[in-house]
Every structure is written in structure tokens, then in C-alpha cells.
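Worksheet for the structure shown next.
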Amino acid sequence: MGATYPDLFAAIGVRRRRQADICLRLSLIASDDEVSSRLIVMAQEYKARADATEAESKSPPAATVIQSVSPDRKTDEC
């Protein structure tokens, strides 16, 4: 049985939080201040994306609208 819609988004959120944590840990050991600052920014971006993904997982998936065409409908196609 496959993963459900919320499970997939939750997994993506967990992965992004892990990436944020790694970036923060790397920023602590980086010897270059510019690199350290960039890693902190990346961590903040990953956390924001994780928050957005997890919020999206709580909302139902968008409905897909399928338009049907009647078989007796005349078209101008050849």
C-alpha cells in the first residue's frame, strides 16, 4: 500500500528540517564568516519551506476538474 498525500508532505517536511539542522551545525564549524552566514540563511530557508510543506499537508488536495465531451458533439476538425 502506498503512502498517502499527507504522509508524503510530512516526509518532505522532515527532510527539510533535517537539512536545516545540518546547515546550522555546519555554520557552527565553518571557519569563514561569509560561509557561516550563508549556511544560517540556508537553514532559515529550509525551515520556512518545511513549515510551508507541513501546512500544505494539512489541507486537502486540490480537486481536479475533468471536462467531458459528448460523443455526438460536432467539431470543425477534419
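What follows draws every value from the coordinates through simple rules; no lab data is involved. Keep in mind it's a predicted model, so treat the numbers as computed, not measured.
Brief remarks on what is shown
- Considering all C-alpha pairs of the stretch 10-54, those separated by over 14 Å amount to 42%.
- Percent RCO, i.e. relative contact order, over the stretch 20-62, from Cα pairs under 8 Å lying at least 6 residues apart: 38 percent
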